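First the structure, which I've put down as structure tokens, then a few questions once you've had a look.
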Amino acid sequence: MTDPDGSTPPAQPASVVRPDAVLGMPVIHREVAANGARFHIAEAGDGPLVMLVHGFPQFWWTWRHQLVALADAGFRAVAMDLRGVGGSDRTPRGYDPANLALDITGVIRSLGEPDAALVGHDLGGYLAWTAAVMRPKLVRRLAVASMPHPRRWRSAMLADVRQTSASSHIWGFQRPWIPERRLTADDGELVGRLIRDWSGPTLPEDEAVETYRRAMCIPSTAHCAVEPYRWLVRSLARPDGVQFYRRMKRPVRVPTLHLHGSLDPVMRTRSAAGSGEYVEAPYRWRLFDGLGHFPHEEDPVAFSTELVNWLKDPEPDR
């Protein structure tokens with residue numbers, strides 16, 4: 001559909017981020033107030049809370065397969081949109097990892113739950129690590145996909161030339177305005193290209209890629225989506241960054257499942273492996289052969305099975 005002048009109108013949030021069902025299962029869409037903003041969540045199932053946090057360049061929809069699998073397994077599955085993305089508020093500031101992690105734990109509190117199993121992918125994984133350190137009483141278990149511990153990430157970015165090259169998009173985000181324009185040009189064509197380039201041989205469905213492209217074109221989303229990465233680089237030598245990474249020396253003290261695709265071109269296996277040194281609790285490493293940066297979408301059955309079995313395992317250290 002085009003405007004009278006022939007241009008394509010911007011995507012509307014409701015039509016993109018609030019479908020009535022995922023894979024045939026009805027979902028409940030809500031707005032939750034937390035940490036000075038309002039956050040959109042998609043919810044399915046009843047039982048212990050499992051909070052799902054997306055990465056870049058996606059939004060809650062990336063967890064559609066896991067929402068169904070977790071709900072069927074007897075969990076209350078909630079996928080949230082991070083600040084500035086999807087149906088959540090686009091605020092002028094607040095995109096440093098400490099504040100974004102407080103967004104997540106604030107949503108857990110607002111849902112009336114004492115704690116949650118926290119599952120994060122990519123940037124969402126970085127924030128999940130952070131939340132488990134900052135608010136340990138609110139995180140009963142932690143699962144992270146395609147993202148090393150923040151201190152491991154920092155050392156890899158600074159010392160490993162191959163990891164620095166693999167994360168070239170993060171360095172490119174440091175320029176003003178240009179990244180935002182590139183992400184929204186040609187109806188989000190770059191978003192689709194990044195997802196395909198970062199995946200293994202099995203790509204996410206074309207419909208899903210098109211959905212991510214449309215979501216990135218919602219006004220202000222591109223700017224909010226790259227702001228966390230600007231902080232990550234620009235703060236490396238600043239007092240606030242030094243203080244953050246010093247705080248992240250505190251160990252994670254909840255059972256942790258670390259998931260990674262062996263063909264991930266964005267976060268090298270070598271960078272992610274070894275994050276267990278920051279965990280003083282049962283830690284399980286699972287490498288998916290033949291999968292790339294989006295294992296939960298490239299092979300959702302294998303990913304969901306691993307996640308559900310671990311969540312139900314009373315002895316996660318086995």
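The values are calculated or read from the model by the stated rules, or taken from the named source; none is laboratory data. Note that this is a predicted model, so its numbers are computed, not measured. So basically every Cβ, Gly included, is an ideal-geometry build from the backbone, and we count neighbours across all protein chains shown.
Could you tell me which residue of region 233-253 is farthest from K137 (Cα to Cα), considering only residues that are within 20 Å of the chain's Cα centre (by Cα) and surrounded by fewer than 23 Cβ atoms within 10 Å (Cβ to Cβ)?
V233
Looking at D187, D197, can you tell me which residue is in contact with a Pro (Cβ under 8 Å, 6 or more places away or on another chain) and not aliphatic (A, V, I, L, M)?
Just one listed residue meets the conditions, D197.
Can you tell me which of R141, R214, R230, R151 is charged (D, E, K, R), surrounded by 15 or more Cβ atoms within 10 Å (Cβ to Cβ) and closer than 27 Å to V308 by Cβ?
R141
Kindly check whether there is at least one residue in region 96-103 that is under 22 Å from R234 (Cβ atoms), of a type in the set (G, A, S) and in contact with a Ser or Thr (Cβ under 6 Å, 6 or more places away or on another chain).
Yes, because at least one residue in region 96-103 is under 22 Å from R234 (Cβ atoms), of a type in the set (G, A, S) and in contact with a Ser or Thr (Cβ under 6 Å, 6 or more places away or on another chain).
Yes/no per residue for (1) hydrophobic (A, V, I, L, M, F, W, C); (2) more than 22 Å from W129 (Cα to Cα); (3) modelled with pLDDT of 95 or more:
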site	(1), (2), (3)
A34	yes, no, yes
I41	yes, no, yes
A71	yes, yes, yes
P92	no, yes, yes
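Go through region 96-141 residue by residue and tally those that are hydroxyl-bearing (S, T, Y), touching a helix residue (DSSP H, G or I) at 6+ places or on another chain (Cβ under 7 Å) and either at pLDDT below 95 or farther than 24 Å from D264 by Cβ (or both).
1
Moving to a separate point now. Taking region 105-126, which residues are under 27 Å from R234 (Cα atoms) and out of contact with any strand residue (DSSP E or B) (no Cβ under 6 Å at 6 or more places or on another chain)?
Correct list: T105, D122, L123, Y126.
Which one of these does V17 not meet: (1) over 18 Å from the mean Cα position of the chain (by Cα); (2) modelled with pLDDT under 90; (3) not hydroxyl-bearing (S, T, Y)?
That leaves (1) as the condition not met.
Got a sec? Which of V85, V78 is under 22 Å from M25 (Cβ atoms), among the β-branched types (V, I, T), at pLDDT 95 or above and within 15 Å of the chain's Cα centre (by Cα)?
Testing whether each residue is under 22 Å from M25 (Cβ atoms), among the β-branched types (V, I, T), at pLDDT 95 or above and within 15 Å of the chain's Cα centre (by Cα) leaves just V78.
Residue by residue, here is whether (1) under 22 Å from R213 (Cα atoms); (2) touching a Gly at 6+ places or on another chain (Cβ under 8 Å) holds:
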{"position": "D20", "(1), (2)": "yes, no"}
{"position": "E43", "(1), (2)": "no, no"}
{"position": "G47", "(1), (2)": "no, yes"}
{"position": "V50", "(1), (2)": "no, no"}
{"position": "V53", "(1), (2)": "yes, yes"}
{"position": "G74", "(1), (2)": "no, yes"}
{"position": "G86", "(1), (2)": "yes, no"}
{"position": "D89", "(1), (2)": "yes, no"}
{"position": "A101", "(1), (2)": "no, no"}
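Same structure, new question: List pairs: first in region 152-181 and touching a residue at least 60 places away in the same chain (Cβ under 8 Å) and among the small types (G, A, S), second buried (at least 19 other Cβ atoms within 10 Å of the Cβ) and assigned to a helix (DSSP H, G or I), Cβ under 6 Å, 6+ apart or cross-chain?
A156/Q163; A156/S271
So Y229 ticks every box in (1) under 18 Å from G94 (Cα atoms); (2) of a type outside the set (K, R); (3) in contact with a Lys or Arg (Cβ under 6 Å, 6 or more places away or on another chain) but one. Which box is left unticked?
Every listed condition holds for Y229 apart from (3).
On to the next question. So, restricting to strands (runs of 3 or more DSSP E) that lie completely within region 21-92, which ones have at least 1 residues that are free of Cβ contacts under 8 Å to residues at least 24 places away in the same chain and more than 17 Å from H296 (Cα to Cα)?
Result: 28-34.
Do we have any residue at all in region 97-120 that's touching a Lys or Arg at 6+ places or on another chain (Cβ under 6 Å), within 20 Å of R253 (Cα to Cα) and either of a type outside the set (D, E, K, R) or crowded, with 23+ Cβ neighbours inside 10 Å (or both)?
Among the residues of region 97-120, at least one is touching a Lys or Arg at 6+ places or on another chain (Cβ under 6 Å), within 20 Å of R253 (Cα to Cα) and either of a type outside the set (D, E, K, R) or crowded, with 23+ Cβ neighbours inside 10 Å (or both), which makes the answer yes.
While we're here: Which count do you get for residues in region 268-318 that are buried (at least 21 other Cβ atoms within 10 Å of the Cβ), more than 26 Å from L194 (Cβ to Cβ) and either touching a helix residue (DSSP H, G or I) at 6+ places or on another chain (Cβ under 6 Å) or of a type in the set (A, V, I, L, M, F, W, C) (or both)?
Within region 268-318, residues that are buried (at least 21 other Cβ atoms within 10 Å of the Cβ), more than 26 Å from L194 (Cβ to Cβ) and either touching a helix residue (DSSP H, G or I) at 6+ places or on another chain (Cβ under 6 Å) or of a type in the set (A, V, I, L, M, F, W, C) (or both) number 1.
Would you confirm, using the coordinates I've provided, whether T184 is touching a residue at least 60 places away in the same chain (Cβ under 8 Å) and more than 19 Å from the chain's Cα centre (by Cα)?
In short, no.
Any residue at all in region 136-159 that's out of contact with any Lys or Arg (no Cβ under 9 Å at 6 or more places or on another chain), farther than 30 Å from P48 by Cβ and of a type in the set (S, T, N, Q)?
Checked region 136-159: at least one residue is out of contact with any Lys or Arg (no Cβ under 9 Å at 6 or more places or on another chain), farther than 30 Å from P48 by Cβ and of a type in the set (S, T, N, Q).
Taking H260 as the residue in question, decide whether it is outside any strand (DSSP E or B) and either under 15 Å from M147 (Cβ atoms) or among the hydroxyl-bearing types (S, T, Y) (or both).
Here the answer is no, as H260 does not meet what is asked.
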